[in-house]
1. Taking the condition of being part of a strand (DSSP E or B), within 25 Å of the chain's Cα centre (by Cα) and not polar (S, T, N, Q), how many residues in the range 239-263 meet it?
2. Considering each residue of the range 107-132, count those that are open to solvent by less than 50 Å² (accessible area, probe 1.4 Å) and in contact with a helix residue (DSSP H, G or I) (Cβ under 9 Å, 6 or more places away or on another chain), and give that number.
3. Given Glu144, Glu136, which one is within 27 Å of His243 (Cα to Cα), open to solvent by 40 Å² or more (accessible area, probe 1.4 Å) and over 18 Å from the mean Cα position of the chain (by Cα)?
4. Filter the range 247-270 down to residues that are crowded, with 16+ Cβ neighbours inside 10 Å and among the polar types (S, T, N, Q) and give me whichever is nearest to Glu188 (Cα to Cα).
5. Within the range 93-108, is there a residue that is at pLDDT 85 or above, within 24 Å of Val240 (Cβ to Cβ) and part of a helix (DSSP H, G or I)?
6. Of all residues in the range 183-221, which are surrounded by fewer than 17 Cβ atoms within 10 Å (Cβ to Cβ) and at pLDDT 85 or above?
7. Go through the range 199-218 and give me each residue that's in contact with a strand residue (DSSP E or B) (Cβ under 8 Å, 6 or more places away or on another chain) and outside any loop (DSSP other than H, G, I, E, B).
8. Applying the selection to the range 188-213, what residues are among the hydroxyl-bearing types (Ser, Thr, Tyr) and over 24 Å from the mean Cα position of the chain (by Cα)?
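The values are calculated or read from the model by the stated rules, or taken from the named source; none is laboratory data. Just so you know, these numbers come straight off a predicted model, no measurement behind them. Here Cβ is always computed from backbone atoms with ideal geometry, including for glycine, and neighbour counts include all displayed protein chains. These area figures cover heavy atoms from the full protein model, side chains too; ligands, DNA and RNA do not enter into them. Shrake-Rupley method; radii C 1.70, N 1.55, O 1.52, S 1.80 Å.
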Amino acid sequence: MVGLSQLVAGVAHEINNAISFIYGNIAPARSYAEDLLDLLNLYQQYYPDPAVEIRDSQSIIELDFIREDFPILLNSMEEGARRIQEIVLSLRNFSRHDESKQKQVNIHEGIDSTLLILQHRLKPQPRYPEIQIIKEYGNLPLVECLASQINQVFMNILANGIDALEMSWEKLKSKFCYTKPMIKIQTEAINKNYISIHIIDNALGIPEEIKKRIFDPFYTTKPVGKGTGLGLSLSYQIIVEKHGGNFYCNSVVGQGTEFVIELPVIYGYNP
């Protein structure tokens, strides 16, 4: 997990260097383009009857279209670069490779970073509809924790929820099509010492006999190659054993599943 965090942080750093170079040059490129277009307008104003070769060239390159589309193109490039910067920031927040010790963090930032990394799986797919994310964030204090490990827990639970929704869609497409796949994330301060995070999906739920084993190492109900069976087991160790919190699952077959994380505000707090 530490190695993965270092890899993610390293890749994010390299991408950030490249995209900063691109993003930083868009403003002068826009200024240069505006100056050139203004100069072109002056030429057309004072020389309204250009030579045949110039008129032919204007027609071939579709000058009027370029004049209209080029500013739009630059705006799109700027928006794309800004979007990549957001993703890079999320990767860096997610990995937090330089924070090997506990530190006070904003839990909502960790959840949002994880959701952004998983965004491609939430969008509509050829075989699955869009998965709606509902966030009901409470007023949380900063939480002292091992941030990269807590973010990994969020990743495991959310990825499992997405897998469950996709499998539900495959199994009961005719019935499930009337229900929008959804993951709800609720946070609240339980008291001055503890906060809770509830991650709820509306998939088919987990039978009781399976629910009893979901935190066992290497136990998985997913097809071969789909999962290792370690995600929830490691998550349990991170929340319960390393942070002194609670981690449990509520599920009703046919209605969905809820994972609940309870974390102490102060790392290792044990009243």
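1. Selection size over the range 239-263: 10.
2. Selection size over the range 107-132: 13.
3. Selected residue: Glu144, the only one of Glu144, Glu136 that is within 27 Å of His243 (Cα to Cα), open to solvent by 40 Å² or more (accessible area, probe 1.4 Å) and over 18 Å from the mean Cα position of the chain (by Cα).
4. Across the range 247-270, the extreme among qualifying residues is Thr257.
5. yes
6. Gln186, Glu188, Ala189, Ile190, Asn191, Lys192, Asn193, His198
7. Across the range 199-218, the qualifying residues are Ile199, Ile200, Asp201, Lys211.
8. Tyr194
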